[in-house]
1. Taking the simple approach of a point 7 Å from Cα along Cα-to-Cβ for both residue 193 and residue 227, what is their distance in nm?
2. Which option, (i) 17.0, 50; (ii) 16.8, 54; (iii) 18.3, 56, is the value of Rg and Dmax of the Cα atoms in Å that was calculated from these coordinates?
3. In debye, nearest 20: dipole of region 2-166 around its Cα centre with unit charges on the Cβ of K, R (+) and D, E (-)?
4. Between beta-carbons, use under 14 Å as the cut-off and find the net charge around residue 148, counting Lys and Arg +1, Asp and Glu -1.
5. Please identify the longest segment of the chain free of exposed chymotrypsin sites (Phe, Trp or Tyr not before Pro), where exposed means a DSSP state other than H, G, I, E or B and no more than 12 other Cβ atoms within 10 Å.
6. How big is the charge dipole of region 1-91 about its Cα centre, in debye rounded to the nearest 20, if each Lys and Arg gets +1 on its Cβ and each Asp and Glu gets -1 on its Cβ?
7. Taking θ = phi - 60°, what integer Hz values does the Karplus form 6.51 cos²θ - 1.76 cosθ + 1.60 yield along region 51-62, in sequence order, with x for Gly and Pro?
8. Obtain the nm distance between the two label points defined at residue 57 and residue 139 by a simple spin-label model: each point lies 7 Å from its Cα along the Cα-to-C-beta direction.
Amino acid sequence: MFGLGLLFGFLLWKKLAKEEDIDSVVILEYYLVGLIGVFVGCRLFHVFVYNPSYFLSNPVKIIAIWEGGLSSHGGMIGGPLAVYFYTKKKNLDFWKLLDLITVPVVLSSAFIRIGNFLNGELVGRITTMPWGVKFNNFEGLRHPVQLYESAKIFFIFGVLYFYRTLKFPKGAIFWGAIFLFSFLRFFTEFFKEYLVFSFGLTIGQWISLGLCVISGVILYLLFTKKLVLGKS
């Protein structure tokens, strides 16, 4: 499912980029650079935010990605950071391209959550609801929270794809995706089998709240024209 997500994401990215007359070499390089940035960001965020004591005590485990451990919040940092340096080197419009690639990246991540479901990982809490699922190595019927997440991401993709052609300020698609993802994830976290961090909320919920505030403020500034991103 990870591979399918990357494939469909690339095909959509290629289509959207060609509509903007972007060079074919840039299309491929940009996608690869962004993919590496997302992957590294996801891993490092998981390592240093969710379980730093374990990984600092066992540094060799940092590269043991086959044992699991990728955080989507980290991808929101690593991906844009990687493509920023790429666009700066190539003298390209960072915000224009970031808005454009946000749509296929969101599509890709929806497939990854389906993979989590099929692999029986990141399971939800025990439930008595009729759609509860029995996962191997876990007691009781549980919320298929991975599918909740996937449905959430497909919804965000649909919104972004529909609105992508409208005359929005540069950066609005990217920050809109961050806001929607964070806002909806705050609620899906309630169904996850995670330890409570503080004040009854998980680490993911606190991070999501912070991103909601940041992205919400930036969107407000963009649409009120108090902030301009990218080249004119």
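No lab work stands behind these numbers, since they all come straight from the coordinates. Treat the numbers as computed from the prediction; the structure is a model and nothing was measured. A quick note on method: Cβ atoms are made from the backbone with ideal geometry, for glycine too, and the neighbour counts reach across all protein chains shown.
1. My value for the distance between the label points is 3.9 nm.
2. (iii)
3. Values: 15 positive and 11 negative charges, 34 e Å.
For this selection, approximately 160 debye.
4. Net charge in that neighbourhood comes out at +3.
5. Details: sites that count: 131, 199.
Longest site-free region, per DSSP loop and neighbour criteria: 1-130.
6. Numbers: 8 positive and 6 negative charges, 32 e Å.
Here region 1-91 has a charge dipole of around 160 debye.
7. Each residue of region 51-62 in turn: 8, x, 4, 5, 6, 6, 7, 10, x, 5, 6, 4 Hz.
8. 2.5 nm
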